[in-house]
Structure formats: structure tokens, C-alpha cells
Amino acid sequence: MIQFSKPEKYLAPEAIDFMAREILDAAGNEVFFIGKAVSGETLAAVRVAARGNSFSVPAILKTVRTGDILIHNHPSGDLAPSDADMLVASASGERGAAFFIINNQVDNLYAVVPPFEEQRVVPLEADEVLSHLRADSSLSSYLEGYEERPQQLDMASNVCAAFNDEKIAIIEAGTGTGKSIAYLIPAVLWALKNSERVVISTNTINLQEQLIFKDIPLIHKNVCKDFKAVLIKGRGNYACKRKASLLSSEGNYLFEDDAIAEERLMLEWTEKTIEGSKAELDFLPRDDSWEKVSSEADLCPRTKCRFYNECFYYRARREAASSDILIANHHLLFADLAVKGESGGHSEGAVMPPYQRVIMDEAHNIEDVATEHFGAGDSKRGFMLLAGRLIGKKDRKKGLLPFVHMKMIKRKGCLPGSFMQETSSYIGDELLSHVDSMRELATEFFDMVGYFALDVKKDPSDTDFSSGEKKLRITDELKELSDWKELCDVALSVLYQTRICRKGLLKVIDALEDLPEGDDRDDFSAQLMEFKAYSDRLQRFLGAIDLFFFHEAEGSVKSIDVSQRDRGLSVRLKISPVSISETMNSHVYDILKTAVLTSATLSVNNKFDYIRGRLGLKAEAERLTELMLESPFDFKRQAFIGIPTDMPLPTDKTYESELENIVGRSLAISGGSAFVLFTSYKLLNRLHSSLSADRNLSSYDMMRQGEAPRTALLDRFRKIKSSVIFGSDSFWEGVDVPGDALSCVILTKLPFSVPDDPLVEARCELIAKEGGNPFMTYILPQAVLKFKQGFGRLIRNSSDRGAVIILDSRVVRKGYGNLFIRSLPNCNINRGPADEILDEMKGFFEQSL
């Protein structure tokens, strides 16, 4: 007698639902599925390989390999394998693949060839990996001018050891090492040999695009064709077909019509797009417009959705679940690790499919990203969007509550009389007013919070705070202020009114759930799901406000971030962990078998002490390996580094006028083609304004960060040779402009953190409390790493030439300045009066002609 199994033994719920729907769509005929098994997990993603008739289906075995699971259905319900099935089973078994037969409902399964037992780990052979990087490799013949790089070989060998020995590796690889290829080849070969997914995480879109569109295709052509790499994005990047359908049919009732043209364009796009990703749009929609169609976890019916099989997000998830290499960003990775860490390191996918091996490129950004995801808080914008979904701000007839109320009135004769009397009347007579009051009170509250922060942080010289964000740390001293106590009183009122609204939503939810099963209840199913989601969001808001104003957050710092926007104040309440060391151990290192942390800038003074301390790696000493690789570029020949020693200190009254003078003369020598990098938006704006009016520079295209998206500025910069970008934080790193387009980088100040930044201040206090020196162990090393990033914008390949001008004389006048100089690659440093430095710079550029 055939021994049947419950499908859940081998298959995840989403795979079961997907197959049942595909069989139904195929009119109950045979469908042949292939899925990729990951050791210790139920199969989460399958794809349709072929469709047949009621008696047979083509068995596509060409691409099947070890670890795959082949599945097809028997429409008759008799799961006994036929002779043809046995041939397929034999062929699949020889390839190390399992073979299942299921019924059409996918509630019965016969494992003809069960999944193979967990395989022994197949270690990487360093010689095999390095053979792909040698001078006689396929890569060398494919790439013109290929040179074997010892640094790249060393890095690839170190990555191999990290995979084989389940290590955590810190690797600093100077610009030009070829680090992405050095870690991609071991990652690909490991994934194939061990049927184990590898995640590669970056901080910038630029690097993600380089990996997907350049490096991975290169490996496909020259190393191995049989692997699948997928770029994974967060759910919010995808359009939701269900929400788009609702917007199309019911949007006139649900949303205020201040962006109709934009919404129509998005709806037209959702009908023709294949990927459904926001990046495919040829315009940038407003945030509140995009949210009307974007995928949201708590508003997703999952397998119960009629669009499930064609869902953009779940289609992307299925692609990701069947991949060997996942390309993610740090924000997505840490959102996933935060969820998995809270649940004890479970293997089921949270934000991303399961994985145990990760390579984190641009790893110098990890502390900032991890701090954000391991923290908490809320914002005025988030709360106002939620309130606006419940009731329109300008038009009270729009929103979920008025829409549901209207539906109830229209169905008055069909719905139970008691339901209408209690629920419909309650919404119209009470709940709508409660939500209006909540929004009005919360608007006043957030504005009070914002102006309170601005008043405390008031700078007499700053009459316009629109140029940047103000951050206020909540301290015990501040809590003694009468204005703070007034804020707490208003917060209590907000909490009270929000609880009333949430209780009202719960009352409506209970009433809808009590409707008899059938058309009446089904007609409100979508709105019921939304009510539940918004109720949960209100509960999270209540928790955040309560924690921020009325409870201690052990080991965290509370702060208010406020800035001016077109629609008023932007206010965010943040609760950030002062140290992420313990959390990194429990949520990251204890879960992952291998973690490779790499960047061009991880060391300070030729040591990894700073990054180890910040990322909690001191506790991982036994698993930790370290490697420092210099850039192969000839900086002595390619780069001119000039430091005017007579430059006033940044605190001097004459500093800004002298800065304007030297920047202007430097730009004239380089002919533009320059980045001028700042640590202050106010100084950036003032200098941009004055130099843009300089007649000697009138032929240059002077661009300022913030006047257009960064990608648009860079596109313009690359096309116009005499252009200049005045940039701040985001231009110090993650920007790659090789060639003549960028020939000069001017660093106006050493990039020290703002000393009164709430998080910086709290971290310095913690270091001092533990007996350390905050400046030497935190502030200075952090600035050195950013300084190295800024310097690294200039030389991006072996043929680049250009100048870096450092206009902060602390680098030569202060004892700590030498640490910045020693952090630079092996190059000639030119020190002297500004006139001499500019003459030498002119000579350098004349030699380049």
C-alpha cells in the first residue's frame, strides 16, 4: 500500500497554495513544478516548468540539479507512479533531486524519491577559486588589459577560508582591488557546491547595479553559467494589484483627489508593467500617491488574494527563494535580521528567504543602518498618513470610515437591523468625530514637539532652519522644563484620544466579524482587513508615544528630529540604541555561519580596533579573521594632494572668505570637473551662492546638492566637463565617477560628527563612563573613515589623474591631524602656503595634458 504524506512535511504553505492555484488555472490538468530545496527548510518557492493534459505532462530535466524537488499532479487523485513517472524518478534521483506526486488539491503527497539527507559540506578549494583570477583565466582573455592582482587573490583566498571555517572576516580592500569579483566567485561556487543561498548586501544602489548588471554577468560568462542571482527589494518597492484595483474602482470614495493625474498614470502603469517595481516608473510619484498602490504586509491577504499568483511582490519572493545569490541592501538585510533575531534565529523567511552566509560590502555603514533598525519611534508624517486613510483631511466624505459607512447605508435592507442600528450609527454619530479630534490633537501635538525642539536648539545666527535638520536629545535636565511638562500633558491627551479611536475600530471589527458568513460578510472583507491593520498601527503608535514620554528606555537615547518641509514641520521621535554590540552578537553573528565585512575604509591607523568595537566583534575573537589590502593604484603618480598650511582654522572669522578664495582658484586650475565636499549645509549654500556669482567661474555649471536628485546631478556632472558639485554627506561616499569627468576633490573641513548630535553625545558619554577617551576612540576614528571615503572619490581606475585639496589646517596644526594623513594611501603630500600649493597644482594639471 502506498504511504502518503501530508504536504506540509515538505512544502511551505505558500508553495502549496501556489501549486493548487496553478493546477486550477490549468483546468485541473497535469502541471510539472520544480523547486529548490534549502537544507533544513520546507520548500517555499516553486515554478511551473511545463503543463500537460489530464494524462501526462512533459518532464523538463535539463536544468535539474542536486537539491531540487520535482513535483507533478495526478488529476485522478491516484498517486501511484506510472511507468513514465518511474523513469522521471530515476533520472531525478541520479541528479540528486527529489520527486513528488500530488493530487489536484495539494492536500496529499507521495514522495517517490524523498529529499536527500543533509549533505556533507563541500569546502571551497582555494586553487579552484583563484584559477578564475589568474593571468591565464577566462576572465583575462575576456577583459582587455586584464592584470593579475595579488590583492584580489589574497582577498578571494580569505573569503574561501571564511566560508569553509564558518568565520567572520573583516577585509579592507583599497580601491582597485577588484573586491566584488574576489567575493562573488567564492560565493557562487559555495552556493552551487552546497545548495546554500548566499546574501550579498551593499549600502548603495550604485554598487547593487554594478553587481547585477556588470559583475554577475561577467561571472556567468567566464566562471559558471548554472547559478541564479536576484536583486531583492523591500515590499514597499512593489505595486499591489489589489490596491490598484481598489483605487481604480473605489478611489473616488477612499482618497482625496489632489493627485488624480499622478494616480491615473500609476494605474495605467500597473496594467502593463512586468516587474511592478517603483523603479520602473518614468516619474517620481509623491509618497502619499505611491502608498495608495504600494504593497504593505498588514494589508495583504496573501494566498486569499485573487491576484496572488500574479502578485508582483510574491513573484519576486518566489524568484528570490529559488536563487543562489541574493543581492540586497543593508536596510533590507537588517530589517530581516531584526525580525529573525527577535524570534530566536528561526530559519523561515521573514523579510528575506532563509540564509546563513552573508557578505556585507560597504561595511563601514553597518553601525548606522543597524542602529536604525534596532531602534524605535514614530513620526508626524506616518501618523497623518494613517489618519488620512481613515478620514480625508480636506474632504470628510473621503476615507475608509466614510466609505464603509456609505456601504452600510446602501445595503441597509440586506444587513441585520441590529447591525445597522449599532454599528452604522456608531460610525456616523461618534467614530468619525473621534478620528477628527485625534488628528487635530495629534497635529497640534507634533507641531508643539517640533517647535519645542527648535526653541531649545535655537542658534541666534540661524534665521532659516530649512537648510538642515535639527536634532534634540531628551535629557533629565530638559525634562525639568515647564514646556516639556506641557508636552507630556498634551501627549497624555493624544494617547487618550487615540485609545478611544482604536476602541472604536475594534468595535467595528467585532461587528463585521459577527456578520453571518456569506455575501454580506464577504462584501466587507477588504475593509475588515484594513480596519485590523490600522488598529494595529494605532497600537504601535500608542506604544511609541508612551515609551518616548513616560518610560525609561534602558541603553537607548531619545531624540526629536525636526526640519521644515513644503507642507509644514517634519517631526520624528526616535529611540536609538547607544551601543549595538550585544544586539549584533545575538541578532547577527549568533545566527550567521559566515559573515564577510568588507569596504575600502575599515581601518584606522592600520588597525581594525575601531570597527571591531563599534560592531561588537570583540566578543567574536575566536571566529574573527582580518585582512588589510592596499590599493594597487600608483597614487604618487596619479594624485596631487595639497594642504595649504596658511589656511585659517575653521573657527577663525576669516576662514570662510579664504575658503571661497582658494576653492575658486582651485576650480579655475582644474577647469571645474570637481566635487567640493562640506560638512555643513549652511556653509555649502553660502559658498555655492558666492562662487556661482563669480565672473571668473561663470562658464562652469555650478550644481548644489538638494537642487535635484543625486542621480540626476551625477548624470549632468558626467556629461558636462566643466561642472562642479557642491555636496555634503551623501557625496562623500558611494559615488563613482571614473575618468576626466572628476579631476579635483576639495575637502573643506575634516568630517567630524556634530558634537551635540544626540546619538554621538550619548555614545561619548558611555565611552567616558567606561573609562575611555570619546574623542580618540570614537569621534576621531569615525572622522578618519569618512575622510578616507571622501579622498576615495577621486582615483577610481589606473588611468585616473587628479588633485585632492584639503582646506582644514587642523590636519597639519593639530597633533591628531597626522592620523588623517597616515590613513591615505602611499602618495606625496604637498604642504605649504596656499599660493605655492596652487602653483604646484597648476603644474600637475599641465603635466596631465
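The values are calculated or read from the model by the stated rules, or taken from the named source; none is laboratory data. Note that the structure is a prediction, hence the values are computed from the model and not measured. Here the Cβ is made from the backbone with ideal geometry for all residues, glycine too, and neighbour counts use every protein chain on show. The accessibility values were calculated without ligands, DNA or RNA, using every heavy atom of the protein model including side chains. Shrake-Rupley method; radii C 1.70, N 1.55, O 1.52, S 1.80 Å.
Results, tabulated for the structure shown:
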| item | result |
| --- | --- |
| Stretch gain in nm, segment Asp701-Glu486, where the contour uses 0.36 nm per residue and the Cα spacing is subtracted | 72.4 nm |
| Helix-only mean residue ellipticity at 222 nm for the chain, each DSSP H run of n ≥ 4 adding -39500 (n - 2.57), per residue, nearest 500 | -12500 deg cm²/dmol |
| DSSP H segments from the chain that extend 24 Å or more along their own axis, Cα-based, with Kyte-Doolittle mean of -1.0 or above | 432-456, 482-513, 525-550 |
| Loop-resident sites, the stretch 71-130, for GluC sites (Glu not before Pro), counting at most 12 other Cβ within 10 Å (DSSP) | Glu117, Glu118 |
| For the stretch 558-610, convex hull volume per residue from C-alpha positions, Å³ | 186 |
| Probe 1.4 Å, accessible area per residue of the stretch 551-675, Å² | 42 |
| The stretch 102-144 shape via C-alpha gyration tensor axes, a/c threshold 1.5 | oblate |
| Accessible surface of the stretch 157-297, 1.4 Å probe, proportion on carbon and sulfur as whole % | 49 |
| Mean Cα-pair separation over length for the chain, i.e. relative contact order, pairs under 8 Å, 6 or more apart, % | 13 |
| Radius ratio Rg over Rh of the stretch 9-53, counting only Cα atoms, Kirkwood formula for Rh | 1.00 |
| FRET E, pair Glu554, Glu268, Förster distance 41 Å, beta-carbon r, rounded to 0.05 | 0.20 |
| Per residue value of the accessible surface for the stretch 125-213 (all protein chains in place, 1.4 Å probe), Å² | 37 |
| Label-point gap, in nm, between Glu280 and Arg120 - each point 7 angstrom along Cα→Cβ | 4.7 |
| Average silhouette area of the stretch 1-160, convex hull of alpha-carbon atoms, in square nanometres | 12.4 |
| Globularity index of the chain, i.e. its alpha-carbon radius of gyration over 2.2 N^0.38 Å | 1.05 |
| Over 31 Å between alpha carbons, listed pairs Lys558/Lys653; Lys243/Lys412; Lys470/Lys769; Lys243/Lys470; Lys721/Lys788 | Lys558/Lys653; Lys243/Lys470 |
| Spacing of the two label points (7 Å from each Cα toward its C-beta) at Ser586 and Glu166, in nm | 2.1 |
| Rounded to the nearest 10 Å², the accessible area of Glu14 at probe 1.4 Å | 70 |
| Range of Cα positions in the stretch 389-445 per principal axis (Å), largest first | 42, 17, 12 |
| Carbon plus sulfur fraction of accessible area for the stretch 367-451, probe 1.4 Å, in percent | 50 |
| Antiparallel DSSP beta bridges within the chain, as percent of all bridges there, nearest 5 | 40 |
| Loop GluC sites (Glu not before Pro), the stretch 621-713 (other Cβ atoms within 10 Å of the site Cβ: 13 or fewer; DSSP) | Glu707 |
| Carbon plus sulfur fraction of accessible area for the stretch 784-847, probe 1.4 Å, in percent | 40 |
| Accessible surface, 1.4 Å probe, highest first, among residues Val404, Val490, Val121 | Val121, Val490, Val404 |
